[in-house]
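See structure below.
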Amino acid sequence: MIMAFRMSGAFIALALAVAPASSSPIEDGVAAYLGGDYALAIAILRPLAEQGASRAQFYMGVAYDSANGVSRDYEAAARWYRLAAEQGHPKASTVLASRYEDGLGVPRSLVEAVKWYRVAADQNFSEAEFAIGVLYDAGRGVKTDIREATTWYARSADHGYAKAEAVMGIRYQYGFGVAADLSEAVRWTRKAAEQDLAIGQFNLGEFYANGTGVARDIVQSYFWLSLAAAKGDDAAAMRRDEIVSSMAPDEIAAGDNLVGNWEPRK
């Protein structure tokens, strides 16, 4: 059985990209923050943020969220995110939207959440596009509309967001908001799996175990389930162990070799 994709009602995106080599004060501040020297980071970033640098404003929001170099203060974090969002910083817009969705540091407002997610989505920011899909699925701040949700997931997936790719795989498998198409289900699930997303790896492993949309291949099934299991996915570990009981030693060795040579798609 394919594992369902679990979605939270709130969407908080705080993943931070690795900073490029320092070449400006902002880059110096970001490098210090990512390197864990929070006192130095705040000393550099705060004046830049106060001067209106949106990237510095975003990192000040992250600092107040995480209590790194400053005391945790969700209201202050939201203020910095808003300042960055008002200047067109898409990740800040997305985080601010999630705060309105949860009522964290700002009054809860689904109207504001939808507004700020759309601001980021208008910049083709995949995390915001995914979040709008979740809102349409759940009927939060918008009228429930499975087809509209699927449209937003498809946009996000087209922009390479792994969670959206996994969702599109499930949608195509079961015909949620799109016509059922197993070849498309496999294609999108594989994209998510290749980005090292456990749910995509689990579902692709199940496709290979059952011959769903692909030729049945027990070694490939073992391989993908093993990757998901290594991330702590208990269901994947249980399913892999079931499959192992019917595998020959050379098949297990082949699967282990695939696991050992695995590199996620960049």
Can you tell me which residue among Gly200, Gly255 is at pLDDT 95 or above, surrounded by 22 or more Cβ atoms within 10 Å (Cβ to Cβ) and farther than 24 Å from Met168 by Cα? Gly255
Applying the selection to the stretch 141-170, what residues are among the polar types (S, T, N, Q) and buried (at least 19 other Cβ atoms within 10 Å of the Cβ)? Thr150, Ser156
For Ile44, which of the numbered conditions (1) farther than 25 Å from Ala131 by Cα; (2) modelled with pLDDT under 95; (3) among the β-branched types (Val, Ile, Thr) fails to hold? (2)
Pick out, from the stretch 171-265, the helices (runs of 4 or more DSSP H) lying fully within it that include 1 or more residues that are under 30 Å from Thr144 (Cα atoms) and of a type in the set (Phe, Trp, Tyr). 182-194, 198-210
If you take the residues in the stretch 146-170 that are among the hydroxyl-bearing types (Ser, Thr, Tyr) and in a helix (DSSP H, G or I), which one is nearest to Glu127 (Cα to Cα)? Ser156
Residues (without any contact (Cβ under 8 Å) to a residue 40 or more places away in the chain and crowded, with 17+ Cβ neighbours inside 10 Å) located in the stretch 173-190: Phe176, Gly177, Val178, Glu184, Ala185, Val186, Trp188, Thr189, Arg190
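The values are calculated or read from the model by the stated rules, or taken from the named source; none is laboratory data. Computed from a predicted model, the values in this text were never measured in an experiment. Cβ coordinates were reconstructed from backbone atoms using ideal geometry, including for glycine residues, and neighbour counts include every protein chain displayed.
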